[in-house]
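The values are calculated or read from the model by the stated rules, or taken from the named source; none is laboratory data. This structure is a prediction, so every number in the text was calculated from the model and none was measured. Backbone-built Cβ (ideal geometry, glycine too); neighbour counts: all protein chains shown.
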Amino acid sequence: MKALCWNGVKDLKVEKVDDPKILNERDAIVKVTMSSVCGSDLHLINGFVPSMQAGDILGHEFIGEIVEVGPEVRQLAVGDRVVVVSIIGCGECEYCKDELWSLCDNSNPNGILQKKVFQYPTAGIFGYSHLFGGYAGSHAEYIRVPFADHGAFKIPDDIPDEKAVFVSDGVPTGYMAAEMADIKPGDVVAVWGAGGVGQMAIQAAYHLGAERVIAIDSVDYRLAAAATHSKAEVINYRDADVLDVLKESTGGRGPDCCIDAVGMEANSTGIEHYYDRTKQFLKLETDRPAVLRQAIAACRKGGTVSVVGVYAGFADKIPMGLFLNKGLTMRGGQMHGQRYVPLLFELIREGRIDPAFMLTHPTPLRDGPKAYELFNGRTDGCMRAVIMPQQAN
Ligand SMILES: [Zn+2]
Ligand SMILES: [Zn+2]
């Protein structure tokens, strides 16, 4: 089959690779029909996540059709149209049973590698480096799905592909960001990052009772989408002092909840940006935490900071004095998608969450490298390129 492979920093190629096979009794093989790019893929492409190897297949957000099941798969059958959660959970361990799927004890075969960095292993993720299990990704014609009964969900007939594909990753990540922000009716919520996850966090925040949601980004078309499709107020941080605007527009109080949907490659302005870029280049920090600093600074006293933007390791100059003295709560995590999928189908059906507008660039597999270039460069109005591996290649 053909697949989009990582060969080095900003070096992607469509290659011929072996077809996936059932390796364990609970595996299924899925014929991929749509696989979205994701902001967190950019960290791999730009070389900020260790343990990538030449030939690794990218992609973790996908839908498709079941074409083969292992003998212990009970809930799925050949022909089912499914969305697969990007993070892999065994369904049996203490964490999966607690619905903390991204903390699964059993789904990362390279847990020992990961323990060296995180002290404890976390769940495997499709197409997301050897640190996260070394699983083949979904920018391919076929993919092996381990623990399929837990990770693959049949898509209801009335939910079209262009909405269902984002239930794999972007929608649950945004929803969990809003849920962790502990939004109360009437709250003001600030969301840094108006990409796919940020947009879904905005829509989820309104659903959970926010009165106002303010989106912060530097790319005008993403801010325009946040205003039009997700109904947010917007701030372009290149044109305004974010802290001043947030303070002024909340009567001097600050937002109740601050969501970081950007993570380790945050851009900022002025000296802070050069400081972080230099430290990251010299490997004195792995992450550029400009958004996290700003969220902690902007948040009202006693408010909540929710972090879903991906961080890899260590970040510098986190304002702990502000965090402590303002009595903030901070929560973070990779999303526990399996917990949310049935609810998200319901919210999509009711129109409370609508991700379809994010599919700006449907792309055949052969044009995968070009799609990533557009997405990485934030050009051509690209919210999300979605790779269609079954289209003529
Ligand atoms: Zn993702
Ligand atoms: Zn588990």
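Points worth noting:
- Within the range 237-254, the presence of a residue that is within 16 Å of ligand 1 (Cβ to nearest atom) and β-branched (Val, Ile, Thr) is excluded.
- In the condition set (1) at pLDDT below 95; (2) on the phi < 0 side of the Ramachandran plot, Gly381 is compliant with all but (2).
- Matching residues, the range 31-46, being part of a loop (DSSP other than H, G, I, E, B) and among the aliphatic types (A, V, I, L, M): Val37
- Meets criteria (out of contact with any Leu (no Cβ under 9 Å at 6 or more places or on another chain) and buried (at least 23 other Cβ atoms within 10 Å of the Cβ)) for Ile125: yes
- Looking only at the range 179-206, and only at residues there that are surrounded by fewer than 24 Cβ atoms within 10 Å (Cβ to Cβ) and not in a helix (DSSP H, G or I), the one that is nearest to the chain's Cα centre (by Cα): Asp182
- Of the listed requirements (1) touching a residue at least 24 places away in the same chain (Cβ under 8 Å); (2) surrounded by 20 or more Cβ atoms within 10 Å (Cβ to Cβ), Asn110 misses just one: (2).
- Val49 satisfies every condition listed in (1) under 27 Å from Gln280 (Cβ atoms); (2) outside any loop (DSSP other than H, G, I, E, B) except (2).
- Of all residue pairs spaced 6 or more apart or on separate chains, none has beta-carbon atoms under 6 Å together with a first member in the range 31-52 that is within 16 Å of ligand 2 (Cβ to nearest atom) and a second member that is at pLDDT 90 or above.
- Residues of the range 234-263 satisfying the condition of being touching a helix residue (DSSP H, G or I) at 6+ places or on another chain (Cβ under 9 Å), surrounded by fewer than 16 Cβ atoms within 10 Å (Cβ to Cβ) and outside any loop (DSSP other than H, G, I, E, B): Leu243
- Some residue of the range 207-230 being within 19 Å of Gly332 (Cα to Cα), free of Cβ contacts under 8 Å to residues at least 60 places away in the same chain and not in a strand (DSSP E or B): yes
- Among the conditions (1) under 30 Å from Ala152 (Cα atoms); (2) charged (D, E, K, R); (3) under 17 Å from the mean Cα position of the chain (by Cα), the only one that Arg352 does not satisfy is (3).
- Residue within the range 318-337 that is farther than 21 Å from Ile183 by Cα, of a type outside the set (Ser, Thr, Tyr) and under 19 Å from the mean Cα position of the chain (by Cα) present: no
- Subset of the range 81-94 (residues that are near ligand 2 (Cβ under 10 Å from one of its atoms) and either touching a residue at least 12 places away in the same chain (Cβ under 8 Å) or under 16 Å from the mean Cα position of the chain (by Cα) (or both)): Ile88, Gly89, Cys90, Gly91, Glu92, Cys93
- Only listed residue being surrounded by fewer than 21 Cβ atoms within 10 Å (Cβ to Cβ) and aliphatic (A, V, I, L, M), chosen from Ile45, Ile63, Ile22: Ile22
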